[in-house]
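Working notes, beginning with the structure itself.
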Amino acid sequence: MSDWANEQVMDEKDRADIDKAMMWLWLVWAAQMAMLVVLVVIAHLFGPQIREQIGTGEDFPLGILQIMFGIVSVVSLGIAYYLRKSCLGGKFRQCQNICAQLAAARNKPAYIVKYQAAIFVAMAIPPSVGIYGFILSLFGATYAVFYAFIIVSAIGVVCLRPKKTELIALCQSEKADAAEQKTKPEA
């Protein structure tokens, strides 16, 4: 099935706007994945030297820090998923108003600004999980712990990636709402 289902609702400008918006979103997504690779490279190349300079002793509560970062990671990924679904679902009226104002100021369709805002907020959170693992590795955690955080981070980045079908559905929903408003009799 084509990404462009229900094509009669959208025109060429909408398609071009969607393609342009998706290009930028995918670029940010690729940069996030690249950042995780960079964290792995830095941890292996410079991690031992940095660990020596930090010099955490036997009394350093690494186990407690690992548990805390693990809990924060799981909670933050849940929050990222909730924020994405809530923003796209229209649960936050203030978010919709701000997006409409930004869309008018930037001369962009409101559905693109709304989608970008929701996606950027949600995409900002998963890479932090990899950073937690990197910090733990610098404090002396094993590479297994480090890779566990990196893998969870990568899974979060992949699961919360931009999806063209969501943006198309948002466009179609906005167009349908606009058409419905035009046909509604004024009271």
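At-a-glance table
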quantity: Length added when fully stretched, Ile155-Ala124, from 0.36 nm per residue minus Cα-Cα; calculated: 9.8 nm
quantity: Residue order, fewest to most surrounding Cβ atoms within 10 angstrom, among Asp19, Asp14, Asp59; calculated: Asp59, Asp19, Asp14
quantity: Where only C-alpha atoms are counted, convex hull volume of segment 63-175 per residue in Å³; calculated: 100 Å³
quantity: Likely footprinting exposure, Met35, Met23, fewest C-beta neighbours within 10 Å first; calculated: Met23, Met35
quantity: Cβ charges +1 (Lys, Arg) and -1 (Asp, Glu), total dipole of segment 63-175, debye; calculated: 480 debye
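Any read-out appearing in this document is the output of simple, stated calculations on the displayed coordinates, not a laboratory observation. Because the structure is predicted, anything quoted here is derived from the model rather than measured. Counting neighbours? That spans all protein chains shown, and the Cβs are built from the backbone with ideal geometry, glycine included.
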